[in-house]
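Here's the structure we're looking at; comments come further down.
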Amino acid sequence: MRRAIFPGTFDPFTIGHSSVVTRALTFMDEVIIGIGINENKNTYFPIEKRVEIIQKFYRNEPRIKVYSYDCLTIDFARQVDAQFIVRGIRTVKDFEYEETIADINRKLAGIETILLFTEPELTCISSTTVRELLQFGKDISQFIPEGMDI
């Protein structure tokens, strides 16, 4: 079985994230969305709420699982027996960062990272921007997957 983790903070989970998951399922048997606990990030939703929102959204897709974790991503990958890490790339800056992390993960754990480039129409969407819109009471429905309850 080809199992990948898709790690992130997902605060909130956007249509860009959903696109990565959908595309990863075309070549993976299972995708585990791993919501990392990062004490250095100021989040809008508590971790339990993010897990609940994403689990509810994917409740009818048995090939997708959602968990939180508070360890290194490579250790989480080992815990869930994932052979791959899937990441979305929006910009050159994202690529440079992800390339460095992918190299380290490969050296430390032998795990391969698959980078999926964001569709052009989604490159402007980031959780940071959507979170800021939320904080100011703006409608974010066009930036989150249709049918997702936030």
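The figures follow:
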item	result
Test: residue in the stretch 140-150 that is part of a loop (DSSP other than H, G, I, E, B), open to solvent by 60 Å² or more (accessible area, probe 1.4 Å), over 24 Å from residue 74 (Cβ atoms) and among the aliphatic types (A, V, I, L, M)	yes
Residues satisfying the stated conditions in the stretch 19-51, i.e. touching a Phe, Trp or Tyr at 6+ places or on another chain (Cβ under 8 Å) and not β-branched (Val, Ile, Thr)	24, 28, 34, 36, 50
Qualifying position, being within 17 Å of residue 116 (Cα to Cα), without any contact (Cβ under 8 Å) to a residue 40 or more places away in the chain and aliphatic (A, V, I, L, M), among 5, 33, 15, 37	33
Residue match in the stretch 8-22 (condition: out of contact with any Asp or Glu (no Cβ under 9 Å at 6 or more places or on another chain), among the acidic types (Asp, Glu) and under 20 Å from residue 141 (Cα atoms))	yes
Some residue of the stretch 62-74 being out of contact with any strand residue (DSSP E or B) (no Cβ under 9 Å at 6 or more places or on another chain), at pLDDT 95 or above and among the charged types (D, E, K, R)	no
Residues of the stretch 40-50 classified as more than 18 Å from residue 134 (Cβ to Cβ) and touching a residue at least 12 places away in the same chain (Cβ under 8 Å), total	0
Residue in the stretch 110-126 that is part of a loop (DSSP other than H, G, I, E, B) and farther than 18 Å from residue 91 by Cβ present	yes
Pairs, first in contact (Cβ under 8 Å) with a residue 40 or more places away in the chain in the stretch 71-83, second small (Gly, Ala, Ser), C-beta under 6 Å, six or more apart	76/34; 82/4
Qualifying residues in the stretch 114-138 (those that are under 28 Å from residue 81 (Cβ atoms) and touching an Asp or Glu at 6+ places or on another chain (Cβ under 7 Å)) - the one least open to solvent (accessible area, probe 1.4 Å)	127
Positions within the stretch 88-109 being more than 17 Å from residue 7 (Cβ to Cβ) and part of a helix (DSSP H, G or I), in sequence order	92, 93, 96, 107
Residue in the stretch 89-107 that is hydroxyl-bearing (Ser, Thr, Tyr), at pLDDT 95 or above and surrounded by 15 or more Cβ atoms within 10 Å (Cβ to Cβ) present	no
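For every residue, the table says whether it meets (1) under 13 Å from the mean Cα position of the chain (by Cα); (2) of a type in the set (Phe, Trp, Tyr); (3) closer than 21 Å to residue 122 by Cα.
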site	(1), (2), (3)
11	yes, no, yes
20	yes, no, yes
66	yes, no, no
77	no, no, no
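The values are calculated or read from the model by the stated rules, or taken from the named source; none is laboratory data. What you see is a predicted model, and the numbers here were worked out from it, not measured in a lab. Cβ coordinates were reconstructed from backbone atoms using ideal geometry, including for glycine residues, and neighbour counts include every protein chain displayed. Only protein heavy atoms, including side chains, enter the accessible area calculation; ligands, DNA and RNA are left aside. Shrake-Rupley method; radii C 1.70, N 1.55, O 1.52, S 1.80 Å.
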